[in-house]
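J.: The structure under discussion is supplied below as structure tokens; questions concerning it will follow.
The values are calculated or read from the model by the stated rules, or taken from the named source; none is laboratory data. Everything quoted here is computed from the prediction, not taken from an experiment. Here the Cβ positions follow ideal geometry from the backbone for every residue, glycine too, while neighbour counts run over all protein chains shown.
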Amino acid sequence: MARVRSKKNDGVYINKLQNGDISYSITYKDEHNKLKWFNVGKKSGGITETYCNAKRNEFINKINLGEDPQAKKKKKNIITFDSIAKKYFDSVEGINRDNKNSIARYELHIKPFIGHKDISLIDYTDIEKIQKAKQKTHAPKTVNHLTTLAGTIFNYAIKKERMRIINPASEIDNLKVDNKRERFLNLEEIKALLDEVAENETLNLFTRLSLSTGGRASTIMNIKKKDVDIENHTINLYDFKNGTSYKGFITDDLFPIIENLLPHLKINDYLITTYAMDTIQHKMKAILDDLFNIGLKSNDSKNRAVTHTLRHTFASQLAMNGTPIYTIQKLMNHKDINMTLRYAKLAPDNGKNEVKGLYK
């Protein structure tokens, strides 16, 4: 006969056996809020419903106090998500120049939710809770970065720590992001920005490298001396978004700055060393806000100038100068031509003049 719930005591179950005896079981939730069954014994062994109820209360009290023997055994072998996260961040130290920012994002946004948990017991609902909580206060793109970071740590556990777990972040759909940021700087604004950063060597170099190559901030911050081919005016760039390398070019006004800088660097030195990326972005934000964002709301992503605007400026100015769209795609390292086509409307040969005079 199947187990039947006791009418007198919560969590106590009765199973009448074919030989006439009665088997008693109890249910309780363990320290991870998972439902557990425990077979207490048989009536023939002196077990009663009252005893089962007392046993269940004993289990619950011990769990609340952290004294359950089974829970203690598990705690000795528990591997927390935080312990794996620390190993991951240590493994990429010196490789990922954005590691400091990644650690800060983890400590602030992810650790409070799952850092203390046994990594093997974390499921997609835990990641979903982070996503839902953070989208109330942060932009979708930022929330997606957090999900990706959590997933990266899980992948590290699977690949490097040989843990037999499933990456729950892979089961979470990214939030929809409006990537159609259209703001770019015109020539007058570019001059104003360059004048503003001229007295700060690091910001001046960062700005000019961004306008010369169109690289994302992470790409610019990771340029080393060995990446620069001064004779051919080229720079080897690394795209962290899709994990590929591509080639950029040095503008005439940037060339003397690079030429004077290189002799003072060792072969593996970064071109930009004075500031970390978060410091660069913080300082650039203040400058861009003062120059171009006065009166604009903080969530007006289409019209506000941000650090990434320098990348759009690079592509937009190329298009307005008549650069073929496929050349722009190559220089931007876009994998999808549709990402580049948004700049086509800026091209002088977009057909507007031809259509206007078509029947004259």
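J.: Please enumerate the residues belonging to segment 132-148 that are crowded, with 16+ Cβ neighbours inside 10 Å and touching a helix residue (DSSP H, G or I) at 6+ places or on another chain (Cβ under 6 Å).
T.: Passing the criteria: Lys134, Val143, Leu146, Thr147.
J.: If you don't mind, there's one more thing I want to ask. Among helices (runs of 4 or more DSSP H) lying entirely in segment 176-235, which contain 1 or more residues that are modelled with pLDDT under 95?
T.: 217-221
J.: Quick test for you: out of Ile26, Ile22, Ile84, pick the one residue that is touching a residue at least 60 places away in the same chain (Cβ under 8 Å) and in contact with a helix residue (DSSP H, G or I) (Cβ under 6 Å, 6 or more places away or on another chain).
T.: None of the others qualify; the one that does is Ile84.
J.: While we're on this one: With respect to Gly357, determine if the residue is exposed (fewer than 12 other Cβ atoms within 10 Å of the Cβ), more than 17 Å from Lys247 (Cβ to Cβ) and at pLDDT 90 or above.
T.: Considered against the rule, which asks whether it is exposed (fewer than 12 other Cβ atoms within 10 Å of the Cβ), more than 17 Å from Lys247 (Cβ to Cβ) and at pLDDT 90 or above, Gly357 comes out as no.
J.: What number of residues within segment 192-247 satisfy the criterion of being touching an Asp or Glu at 6+ places or on another chain (Cβ under 8 Å), surrounded by fewer than 18 Cβ atoms within 10 Å (Cβ to Cβ) and among the polar types (S, T, N, Q)?
T.: 3
J.: Which number in (1) modelled with pLDDT of 90 or more; (2) surrounded by 14 or more Cβ atoms within 10 Å (Cβ to Cβ) marks the one condition that Ile63 misses?
T.: (1)
J.: Let me ask something additional. Within segment 130-146, restricting attention to residues that are of a type in the set (Lys, Arg) and closer than 24 Å to Phe240 by Cβ, which residue is farthest from the chain's Cα centre (by Cα)?
T.: The selected residue is Lys134.
J.: I'm told Asp118 meets every condition in (1) touching a Ser or Thr at 6+ places or on another chain (Cβ under 9 Å); (2) within 30 Å of Asn268 (Cα to Cα) except one. Can you identify the failing condition by its number?
T.: Unmet for Asp118, out of (1) touching a Ser or Thr at 6+ places or on another chain (Cβ under 9 Å); (2) within 30 Å of Asn268 (Cα to Cα): (2).
J.: Another question about this same structure. Among (1) surrounded by 13 or more Cβ atoms within 10 Å (Cβ to Cβ); (2) in a helix (DSSP H, G or I); (3) not charged (D, E, K, R), where does Ala104 come up short?
T.: Here Ala104 meets the rest and fails (1).
J.: Restricting to segment 266-287, count the residues that are of a type in the set (Gly, Ala, Ser) and within 19 Å of the chain's Cα centre (by Cα).
T.: Residues meeting the conditions: 1.
J.: So which helices (runs of 4 or more DSSP H) stay within segment 251-360 end to end and still have 2 or more residues that are basic (Lys, Arg) and free of Cβ contacts under 8 Å to residues at least 60 places away in the same chain?
T.: 352-356
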